[in-house]
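Right, one structure below, let's go through it.
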Amino acid sequence: MVTELAIDLDAIAANWRDLRARHGGPTAAVVKADAYGLGAAAVAPRLHAAGCRQFCVAHPAEGAPLRPLLPDSEIIVFNGLWPGEAGFYVQHRLLPALGSLAEIAAWQAEAAREGRRLPAVLHVDTGMNRLGLDPGEVARLATEPERLDGIALRYVMTHLVSAECPEERLNNVQLDRFAAACARLPPAPRSIANSSGLFLGPGFRSNLARPGAALYGVNPTPGRPHPLRVPLRLRAQVLRVREVGAGESVGYNATWVARRPSRIATISVGYADGYHRALSGNGLACFDGEPVPLVGRVSMDLTTFDVTEQPAIGVGDWLELLGPAMPPDRVAARAGTNGYEILTALGRRYHRVYRPL
Ligand SMILES: *Cc1c(COP(=O)(O)O)cnc(C)c1O
């Protein structure tokens, strides 16, 4: 194997315990998008062993395969109740985050068909303007509470717009809007914070925190020291080292030209592996704690590094592309994106292994 994505499940569990202690109350694990690329089928059972009993996904089809692995846990589907799929949610005991009067009506109808109350989450929009009940819908529920008959409200949740920006006024505006909405709805446990929301202070505490990214190595406090572990390491072996003369170019479109006789190391990783093409001419790997500059274009299956300054690097040596020494946020900054996209783009061709780093 010339690439290896090592994932440390114990470090993910340690991150979850840290976040739960910080929250001081029940804490879910968000495992949508295959646990942000790290493998929900491995991550979720490990977090269950650590004591987690609430898991969140975005799509119903992400929840269904987790059900047999987590028989006694709540599995919440953030993206709501999808048209025509209520039976699927019931079959796999998924909790839809109901975000409109239409979804509430469909879940109520499903409960009537089943002849029992069905559990669900209510999603209140407080500023995102994507999914969730708008203020008019909350008002309707307040005056027509029978719309919730047959639905067992497990949580009322909202989602923060800018939790990673502690100075952002909207954070507190959302808290106020959420409190006002909850006052009009039947009493139920509340759920507010994502990863960064857990670092905003006691006002953002709720009955269920919902961290995702911070479990997997994204810094929930950008611009401040990373408070948790980076639980993955992506490495690639050098396939070939090429001596390139001054004036010679490397890679597609000759975007990099050697100014001096250079040594170019090529690895079997490219944008088809989710290694962003935007890193062309701007990426960094790490070898023995030393930075190694990416040169030329990232191509579909290969990427090139200038190892002139590291004569020790040869064929078979491992360059670290992502890991504790090269955290997702650092790579993201160079690619013009965020750590979330770096993780969720991690390719299917990497050889994944679950072990301590
Ligand atoms: C993705 C998501 C989360 C987790 O957010 P992180 O920033 O990854 O911690 C929480 N709640 C909702 C509704 C989400 O969609």
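General remarks:
- Filter result for ALA35 (in a helix (DSSP H, G or I), surrounded by fewer than 24 Cβ atoms within 10 Å (Cβ to Cβ) and aliphatic (A, V, I, L, M)): no
- Residue-level check: of (1) in contact (Cβ under 8 Å) with a residue 60 or more places away in the chain; (2) part of a loop (DSSP other than H, G, I, E, B), THR126 misses just (1).
- Unique residue being away from the ligand (no atom under 16 Å from the Cβ), modelled with pLDDT of 95 or more, surrounded by 22 or more Cβ atoms within 10 Å (Cβ to Cβ) and under 19 Å from PRO231 (Cα atoms) when the list is LEU19, LEU5: LEU5
- Residues (within 16 Å of the ligand (Cβ to nearest atom), within 22 Å of THR27 (Cα to Cα) and outside any strand (DSSP E or B)) located in the range 149-177: THR158, HIS159, LEU160, VAL161, SER162, ALA163, GLU164, CYS165, PRO166, ASN171, GLN174, LEU175
- Listed by first and then second residue, the pairs linking a residue in the range 1-20 that is part of a helix (DSSP H, G or I) to a residue that is hydroxyl-bearing (Ser, Thr, Tyr) and surrounded by fewer than 20 Cβ atoms within 10 Å (Cβ to Cβ), with Cβ atoms under 8 Å apart and 6 or more places separating them unless they lie on different chains, are LEU9/TYR354.
- Of the residues making up the range 58-103, just one is assigned to a loop (DSSP other than H, G, I, E, B), within 16 Å of the ligand (Cβ to nearest atom) and free of Cβ contacts under 8 Å to residues at least 24 places away in the same chain, namely TRP82.
Matching residues to (1) surrounded by fewer than 23 Cβ atoms within 10 Å (Cβ to Cβ); (2) among the aliphatic types (A, V, I, L, M):
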| position | (1), (2) |
| --- | --- |
| ALA179 | yes, yes |
| SER191 | no, no |
| GLY201 | yes, no |
| PHE204 | yes, no |
| THR221 | yes, no |
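- Filter result for LEU239 (part of a strand (DSSP E or B), at pLDDT 95 or above, of a type in the set (A, V, I, L, M) and surrounded by 15 or more Cβ atoms within 10 Å (Cβ to Cβ)): no
- Some residue of the range 242-257 being within 16 Å of the ligand (Cβ to nearest atom), assigned to a strand (DSSP E or B) and surrounded by 15 or more Cβ atoms within 10 Å (Cβ to Cβ): no
- PHE55 within 13 Å of the ligand (Cβ to nearest atom) and either buried (at least 21 other Cβ atoms within 10 Å of the Cβ) or farther than 29 Å from ALA21 by Cα (or both): yes
So that you can scan it fast, the table gives a plain yes or no per residue for (1) within 26 Å of LEU38 (Cβ to Cβ); (2) among the hydroxyl-bearing types (Ser, Thr, Tyr); (3) modelled with pLDDT of 95 or more:
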| site | (1), (2), (3) |
| --- | --- |
| THR255 | no, yes, yes |
| ASP273 | yes, no, yes |
| HIS276 | yes, no, yes |
| VAL292 | yes, no, yes |
| GLY314 | no, no, yes |
| GLY336 | yes, no, yes |
| ALA345 | yes, no, yes |
| ARG352 | yes, no, yes |
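- So VAL218, is it aliphatic (A, V, I, L, M), within 12 Å of the ligand (Cβ to nearest atom) and in contact (Cβ under 8 Å) with a residue 24 or more places away in the chain: yes
- Qualifying residue in the range 138-148 (condition: within 15 Å of the ligand (Cβ to nearest atom) and either outside any helix (DSSP H, G or I) or of a type outside the set (Val, Ile, Thr) (or both)): no
The values are calculated or read from the model by the stated rules, or taken from the named source; none is laboratory data. As the structure is a computational prediction, the values presented were derived from the model and not from experiment. Note that each Cβ is placed from the backbone with ideal geometry, even for glycine, and that neighbours are counted across all protein chains shown.
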